[in-house]
Every structure is written in C-alpha cells, then in structure tokens.
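The values are calculated or read from the model by the stated rules, or taken from the named source; none is laboratory data. Here the structure is a predicted model, which means the values were calculated and not measured. With ideal geometry, Cβ positions are generated from the backbone for all residues, glycine too; neighbour counts draw on all protein chains shown.
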Amino acid sequence: MLGPRHTLVPFVGIEADYNFLWGFYEQEPRLVDGPEGIHKSTFPINSTTRIGIGIDVGTDFRIAQNLGFVFGAKYSIANLFGKKSAATLAGDNSMNLLDQAATGLNTNLSSDRNISYLQFYIGFSVFLGKR
C-alpha cells in the first residue's frame, strides 16, 4: 500500500449515481415538401429519474506537501435501475424516455437500453493533515 510520502497515489472507486434526466428530441424530415424546405421538429423529453453505478480510476500526483493534481477516468451506466417505457398522452407534444423493453409500444423496443458514458477529468487535490 502506498503511504503519504509517495508522489503518485493511484485510486479506484465505485459509486452509486442518482440521475435526473431530461432533454430534447429533434426530427428532420428526409423529404422536402413544398417551397419552405426542410424544417426541424423539436420534442421535449419528459424529465425522469434513474439510478446507476459508476467505476472510477485515477491518480493523485503530489506537487507540494498539501497540494496536487488529480486525473482519471470514470465509466457510468446512468440507468441501471428504474428503467421504464410508457406511452405519451394523446395530444401531448413531448415524449417519455423509453429505456425498458416494450414491444407493445413499438416493435423496435424489444430489449432494455442502457445509457452509459465515459468521462475523463483533471483537477486539483488538497491534502489535509500531516504528510
């Protein structure tokens, strides 16, 4: 195990994530109909929550007794738990996030879908206490 005198201190972490998701869906027709040309239609995605998990790996690089840099990478699955697929109310100009299998809504929704992402980061570390 690395002690406080080491310049490089690697770490690994696992975290639970609570995600509040929303957004917009943009649709652009493939065929031009009329002199107006192509126009995009935008539909809001109704806000929803999902619970996910993340795995984090990185390194703290000490440059002084109480100061350092941190850099690493994190991979997350944002909707591991709480997946849902529900029809939107008739006349509503928005849509729900459809991440659970629901062939009754659409035959293309034959399996669950995951929302995952990879992020890289760099920042400062402040070390408290004695070295």
Q: Check Phe127 against each of (1) under 25 Å from the mean Cα position of the chain (by Cα); (2) surrounded by 15 or more Cβ atoms within 10 Å (Cβ to Cβ); (3) within 21 Å of Leu8 (Cα to Cα) and name the one condition it does not meet.
A: (1)
(Q) Taking the criterion of being exposed (fewer than 11 other Cβ atoms within 10 Å of the Cβ), assigned to a strand (DSSP E or B) and in contact with a strand residue (DSSP E or B) (Cβ under 9 Å, 6 or more places away or on another chain), would at least one residue in region 82-96 satisfy it? (A) no
Q: Check Val70, Val57 and return the single one that is surrounded by 14 or more Cβ atoms within 10 Å (Cβ to Cβ), assigned to a strand (DSSP E or B) and touching a residue at least 40 places away in the same chain (Cβ under 8 Å).
A: Val70
Q. Does region 25-43 include one or more residues that are modelled with pLDDT of 95 or more and among the hydrophobic types (A, V, I, L, M, F, W, C)?
A. no
